[in-house]
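*Asks:* Below is a structure I'd like to ask you about.
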Amino acid sequence: MQAQDVDFFLTHCEQRYYAPDEVLPEPASGPVQAIFSIRQGAVTGLRGLAELSGGAFQYEPGDLFPLGAALARRAVTATYRASADTFVLVLPCEAMTELAARSAAFADFLNRRVQGFPDLSRRALQVAYASQALAEQSLETPLGELPQRAPVSCGPEQPLRAALQEMHARRIGSMVVVDAQEVPVGILTRHDVLERVALAEVPLDRPVGAVMVQPVHTLPHTATAQDAALLMSREGIRHVPVTRDGRLAGLLSERDLFALQRLSLKQVGSAIRSAADLPTLRLVAQDIRRFARNLLSQGVQARQLTALISHLNDVLTVRVVELQAAQHGVDLAKVCWVALGSEGREEQTIATDQDNALVLPDGVSPEGVQAARAFGRAVNLALDACGYPLCRGGIMAGEPDGCLPLGQWRRRFSDWIGHGSPQDLLQAGIYFDLRPLAGNAALATALRAEVVEAARRNPRFLKQLALNASARGVPLNWLGGVDADEGGAIDLKLQGSALFVDAARLYALAHGVTATGTRARLVQAGQRMGLAGAEYEAWASAFEFLQMLRLRVQLEGGAPAARPNRLLLDGLNDIDRRILRESFRMARQLQQRLRLDYER
């Protein structure tokens, strides 16, 4: 807010004192006449009969309330009571409206309310880590905003000799091939010249179109540098043409991304893929943590950061699987290595253990099953050596229950869905996030489709999942404050993100959502349920904030190795403390919806 707008706020406020247990606004007070800003103390809101299931919530210094009622010119639905000696600034609604008209920042705050806090938290985090990456530009930058050289292009009929001469004269590493409408149709790089021209002994009078690489991988100017980094890593390419309205507008090279980040996604991914043995992989795996720290310093959001970490973990796992398959004589075309849990959802953080399985073809001999399990066990031990601990619950491909032929997997899922007890489902829920990672993906793809459909058609199974998901306690006390343990800490995974993961998995299965990521599940399920966008977006934002806190704790090393998700509340700033409290309120609301939907 501008200084004059802050002055307006202060000069139109009245300071009041409320003794402990004294009531501020309540439903009987009628339409709200003013909003309150807490300077000192705390205020607890207790839900009325209309919203009895909502529980209590607490406001602390810096909080502004009750905005929803003030904006709607209605009475509050809760009784607000001071829980300590409390001093507040009281701003009349007429002054609030006038201030919103003159201050865009204040109006935006009123419109977005708590939804604006995660941006503030992320900016604060970015400042905290900026000293580690001052020369780096954010991977969230749209490609259209990055400095790029003008693209050099030619038509597919251009003779090779002329194209190569121009590449040499301009000292460039690639030539984009476009059609008459300037739409990219192919690309020729110096690397391609060796394989497709020199070694193939192609005459230089042949047209470029005869040797160009096609189709060419492009990105629109609205895509981000992160999108380009992922594309380069996944496709093993070094240049990405950038388009605007389908026409060639620029060219992004691997070197350009190096300028954005000292340690690039492509660099780490390439080092992992080229690792010839386990000792090399153990060294390269350490770069994943360094890379994550660099991204955190750039202010990258939680879902993007966990997706990038999961991608690199995928690349490392695939390489380990390839190396061990060669040693054990396993034909990867006949088996499928499956990622489960957070890896299956592509939501891995830094401190993550293993959750994986092997799907074998039907008809494999008992000896073949034993050999596959030995292979799986070797992969599990190799991943453990690379910093991915063995699963304490035994959910791994090297265990008897984690390496089965397709038919046995079908029967196992059928038993869970048709007859599984609540305790079985607590252990089995992780398997419903399966994603094929290496080998014959068709084995797992068909299984996943069958699982989603079978679960959707079984009300008993869905109700049991709902009971399990709503049984986890939300760490809020009866006053609505965060309820820490005796050491002043909470577990951000078990008491936080897992609440959203379980609910999202249930709603995804219930509504036929095939996405595996928690955010995508919440959004797509919410849309199919006909919910207001603000409701499911709030769930997704709360989940992502908890994920970001987990990454911070793990990267800063503030939690013991045995409890990598343990957060000490005293270490939080005021903004993060408020968002944490609101995130838990969102978790509680989500659980309440589960109970309303399934406990009847």
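*Asks:* Compute the Rg/Rh shape ratio of the stretch 3-102: radius of gyration over Kirkwood radius, all on alpha-carbon atoms. Could you put the intermediate results ahead of the total?
*Replies:* On the way: Rg = 13.4 Å, Rh = 13.8 Å.
Value, to two decimals: 0.97.
*Asks:* If we count other beta carbons within 10 Å of each Cβ, what is the order of Glu235, Glu347, fewest first?
*Replies:* Working: Glu235 10, Glu347 26.
The fewest-first ordering by Cβ neighbours comes to Glu235, Glu347.
*Asks:* Right, next: Between Cys93 and Glu166, what length comes free when the chain is fully extended (0.36 nm per residue of separation minus the Cα-Cα distance, one decimal in nm)? Before the final figure, lay out each step's value.
*Replies:* Values: separation 73, 0.36 × 73 = 26.28 nm, distance 6.81 nm.
Computed gain between Cys93 and Glu166 is 19.5 nm.
*Asks:* While we're here: If neighbour count is taken as other Cβ atoms inside 10 Å, put Asp192, Asp424, Asp245 in order from fewest to most.
*Replies:* Values: Asp192 16, Asp424 13, Asp245 9.
Starting with the residue having the fewest Cβ neighbours, the order is Asp245, Asp424, Asp192.
*Asks:* Counting other beta carbons within 10 Å of each Cβ, put Asp256, Asp502 in order, fewest first. Please list the in-between numbers first.
*Replies:* On the way: Asp256 19, Asp502 23.
Ascending number of Cβ neighbours within 10 Å: Asp256, Asp502.
*Asks:* Also: Mind listing the phi-derived Karplus ³J(HN,Hα) values for the stretch 75-83, rounded to whole Hz, using 6.51, -1.76 and 1.60 with θ = phi - 60°, and x for any glycine or proline?
*Replies:* Each residue of the stretch 75-83 in turn: 6, 6, 9, 10, 9, 9, 9, 5, 9 Hz.
*Asks:* Quick check: net charge around Ala84, other residues with Cβ under 11 Å of its Cβ, Lys/Arg +1 and Asp/Glu -1? Don't skip to the answer; put the middle values down first.
*Replies:* Details: positive: Arg81; negative: Asp21, Glu22, Glu60, Asp85.
That works out to -3.
*Asks:* How are the C-alpha pair distances of the chain spread across 10 Å bins, as whole percents from the shortest bin up?
*Replies:* Percent of Cα pairs in each bin: 3, 14, 21, 23, 19, 12, 6, 2, 0, 0.
*Asks:* Between Arg102 and Ser414, what is the spin-label point distance in nm, taking each point 7 Å from the Cα along the Cα→C-beta axis?
*Replies:* About 7.3 nm separates the two model spin labels.
*Asks:* Here's another thing I want to ask about it. Can you tell me the orientation of helix 406-419 relative to the chain, as the angle in degrees between its alpha-carbon axis and the longest Cα principal axis, to the nearest 10?
*Replies:* On a 0 to 90 degree scale, this one is about 10.
*Asks:* Starting from the Cα-Cα distance between Asp570 and Leu283, subtract it from 0.36 nm times their residue separation and give me the gain in nm to one decimal. Walk me through the numbers on the way to the answer.
*Replies:* On the way: separation 287, 0.36 × 287 = 103.32 nm, distance 3.50 nm.
So the extension gain works out to 99.8 nm.
*Asks:* First measure r as the distance between the Cβ atoms of Arg255 and Glu22, then evaluate 1/(1 + (r/R0)^6) with R0 = 60 Å and state the FRET efficiency to the nearest 0.05. Intermediate values should be presented prior to the final figure.
*Replies:* Working: r = 65 Å, r/R0 = 1.09.
Between Arg255 and Glu22 the formula returns 0.40.
*Asks:* Right, another one. Rounded, prolate or oblate: which fits the stretch 389-447 when a ≥ b ≥ c are the square roots of the eigenvalues of the alpha-carbon gyration tensor, with rounded for a/c under 1.5 and prolate only if a/b beats b/c? Could you put the intermediate results ahead of the total?
*Replies:* Values: a/c = 1.84, a/b = 1.16, b/c = 1.58.
Here the stretch 389-447 falls in the oblate category.
*Asks:* Still on this structure: Going by alpha carbons, how many degrees (0 to 90, nearest 10) lie between the helix axis of 518-528 and the longest principal axis of the chain?
*Replies:* The answer is roughly 70 degrees.
*Asks:* Could you tell me what % of all Cα pairs in the stretch 265-457 have separations over 23 Å?
*Replies:* 43
*Asks:* Count charges around Asp355 for me, please; just the other residues with Cβ under 14 Å from its Cβ, Lys/Arg as +1, Asp/Glu as -1. Intermediate results must be reported in sequence, preceding the final value.
*Replies:* Working: positive: Arg345, Arg392, Arg435, Lys493, Arg505; negative: Asp314, Glu343, Glu346, Glu347, Asp353, Asp384, Glu399, Asp401, Asp433.
Local net charge: -4.
*Asks:* So what's the angle, to the nearest 10 degrees on a 0 to 90 scale, between helix 117-129 and the longest Cα principal axis of the chain?
*Replies:* 60
*Asks:* While we're here: Where does each of 155-168, 538-551, 570-583 land if you order them by average Cβ count within 10 Å, highest first? Could you put the intermediate results ahead of the total?
*Replies:* Numbers: 155-168: 15.4, 538-551: 24.7, 570-583: 17.9.
Result, highest mean Cβ count within 10 Å first: 538-551, 570-583, 155-168.
*Asks:* For Arg190 and Ala441, compute 0.36 nm times the residue count separating them, minus their Cα-Cα distance, and round to one decimal in nm.
*Replies:* Values: separation 251, 0.36 × 251 = 90.36 nm, distance 3.36 nm.
So the extension gain works out to 87.0 nm.
*Asks:* Percent relative contact order of the stretch 463-598, based on C-alpha pairs within less than 8 angstrom and at least six residues apart? Working shown, then result.
*Replies:* Details: 160 pairs, mean separation 45.5, N = 136.
It comes to 33 percent, rounded to a whole number.
Each reported figure results from applying straightforward, stated rules to the coordinates on display, with no laboratory input. Computed from a predicted structure; not experimentally measured. Virtual Cβ from ideal backbone geometry, glycine too; neighbours counted across all protein chains shown.
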